[in-house]
Each structure stands twice: as structure tokens, then as C-alpha cells.
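What follows is a short report on a single structure.
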Amino acid sequence: MANLMVPTAKMNEILNSVERELKQLQETLKRLASSEFSMRAGGHIGQALPSIAALKQKSSILDQLEVTETIKNDASKILKDYAQAVLDFTFIDEQRVVDRDFPKDERQRMHDIVSQLDKPFIFARSVASLVSIQSEISPNPAIELMVVNLLTIELVECLHWRKGALGFMFSATMIQQNRNEELEDDFLESSIKHLESMMEVRKKYDTSAQISPRVVKGRGGDEIEELTRNGVWSDSHLLALMYTGEMCYWRYSCWKGTAIENVEYKKKAIDVLSTYENLVTKFTSLKGWKADRAQQLLKELNSL
């Protein structure tokens, strides 16, 4: 294939946008580095973040590069640094909202967190689309594969997990505090999709994906195959499976008999919760995991 030049002005425009946002996040994170949230973020905040000068050097390099792995690697480095900064920054904001039990007058902050967690995907898709056009790569799913390669599977999973888990925490808080009227059906639905996406990433985009050593320990080949077939590659994936089932239950039961009742969520809840129950009860090596809640919800669903 002949070498094709990436339109550097457009590429630089995208990467400069990432750079500007990363700089803002860096400044905010530095201000918060000595706060209580830095300890709760697991030590990520305040650690060495990429310098703006280094990013400018990366960006200027693009002026001389053709469509090669090098150009994607340079863009990937910037995007990964940005995604990690977003994860650190939103963790702080998320903890504030969670600690205050999602006050109604701060609801927009919750949605802003999700929007911020979406931005690494938006920027990565812009880079992937630009490269794919110049390389004559067909659109989806090739572009989505490139997005995963640019950000890495681990970061893609983490971004989906954080968005989905936030939806679970919000919905669980509303229900536990009898604030069902504050539930948002569209937010619940999107949170379900994020957790489903998290569990599908490795199956769709990494044929050589390896299950977490913590999960694989003491398990036979058949057990590993069944876990991964159901999207369970780690403890977080197994928790995501349970969260998904419970959110599907809420989506159906909380709007049952209303204009936006959706029986498909009842079917999905039964399917997902049954899968979780089967895995936890079938494999004795999944010690510490309980199926009680799943069984309770399944009983309620079958009576609805």
C-alpha cells in the first residue's frame, strides 16, 4: 500500500484539544493533591503526569510522519495520559457526590462526570476516523478496534466500569432511601449498556485475552472457558454481571405498569441474574461470592 499522509493540521487540532483539557486536569489535580481525596484515589493524584512540553513535542512530530504505527503510538500515548487523568479527576468528583448521597440539586454534576468519562472515547474516535480514512480502512468495527488499541483494553474497560458503576450507586441510593421518584430511566439504561460493554471488550477485540490470575487460580479449563464466555475476566467483571442484573430488575420493576414499562428488561434481568447465580453456585472456587441477592431478585421477577 502506498504511504498516505495524515492531514497534520486536523490531527494536531485533535491532539491540541486533548492537550488543553489535560492541562486543565493537571492543574486541578495538583491543587487537590494534598487533600483527603488524594489518599482515597489510591495514590494516583499528584504522581508524575506527562508534561505539556512533552506533548507539544509529540504533536509537532506528526508534521513529518506518514500513516505508520509510529503516528498511532504517539497519539495513543497522549490519549492514554489524558484518559488516566480523567479517571483520577472524576474519581474525586464522584466521591463527593456519593458521600452526599447524590443530592438532587447536584444531579448535573453526576451527568458531568459521565460526560467527562466519555471524552477519551470521543477524542480516540476522532483520531481513529482520521487515520482510517487516510488508510482506506472501512468504518466500524475497524474504527472501534482502533479506539481500543489507542486507549488499551484496560482503560476502555475501566472507563465503561466507572460509568456503569456510578449509575448503579446512584440507583441503589435512590431505592434504599425511598427516593424512587428521582430515578432516571434513561440514565439507568445507559449504565446497563456501559457494564455490558465492559464485559464484551475482551471477547470482541482481543482473541488472546487472558483471564485475571486471581480468577484463574484453582480453576480448570472448562471453568475458565465458561467464565470468559460470560464476560467474566476478573472479580470486577463478575461484580459488573451482578450490577447489570440488578439494574435490569430495577428498570423493569420501578416502571412496571407505566407508559415506559419495558418487559425486555425483565427478560434480561432473569437471564443475567441466572447466569450470575449459576456461576457462583456451580463453581466452588468462587469463594466469598454470594448468590443470595440474585436468587431473591429472581424469585421476585418470577412473581411479577
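The values are calculated or read from the model by the stated rules, or taken from the named source; none is laboratory data. The structure presented is a predicted model; accordingly, all values stated were derived computationally and were not measured. As a convention, Cβ positions derive from the backbone with ideal geometry for all residues, glycine included, and neighbour counts pool all protein chains shown.
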Check your understanding: Does any residue in region 256-279 that is in a loop (DSSP other than H, G, I, E, B) come within less than 7 Å, Cβ to Cβ, of a residue that is charged (D, E, K, R) six or more places away or on a different chain, and which pairs are these?
Key -> Ile260/Asp185; Asn262/Arg251
Revision key, fill the gap. Of the residues in region 108-136, those that are closer than 30 Å to Leu183 by Cβ and without any contact (Cβ under 8 Å) to a residue 12 or more places away in the chain come to Gln108, Ser115, Ile122
Revision key, fill the gap. Looking across region 93-120 at residues that are buried (at least 19 other Cβ atoms within 10 Å of the Cβ) and among the hydrophobic types (A, V, I, L, M, F, W, C), the single one that is nearest to the chain's Cα centre (by Cα) is Leu117
Review point. Somewhere in region 215-231, is a residue under 23 Å from Ala165 (Cβ atoms), modelled with pLDDT of 95 or more and not polar (S, T, N, Q)?
Key: no
Practice item. Search region 178-214 for residues being modelled with pLDDT of 85 or more and of a type in the set (Ser, Thr, Tyr), and hand back the single one that is surrounded by the most Cβ atoms within 10 Å (Cβ to Cβ). Key: Ser191
Check your understanding: Given Ser115, Ser76, which one is modelled with pLDDT of 90 or more and hydroxyl-bearing (Ser, Thr, Tyr)?
Key -> Ser115
Practice item. Considering every residue within region 119-136, establish whether at least one is modelled with pLDDT under 90, in a loop (DSSP other than H, G, I, E, B) and either of a type in the set (Ser, Thr, Tyr) or more than 16 Å from Phe168 (Cα to Cα) (or both). Key: yes
Point to revise | Any chance Asp99 is modelled with pLDDT of 90 or more and charged (D, E, K, R) | key: yes
Point to revise | Candidate set from region 280-304 (those that are part of a helix (DSSP H, G or I) and among the β-branched types (Val, Ile, Thr)); member that is nearest to Gly231 (Cα to Cα) | key: Val280
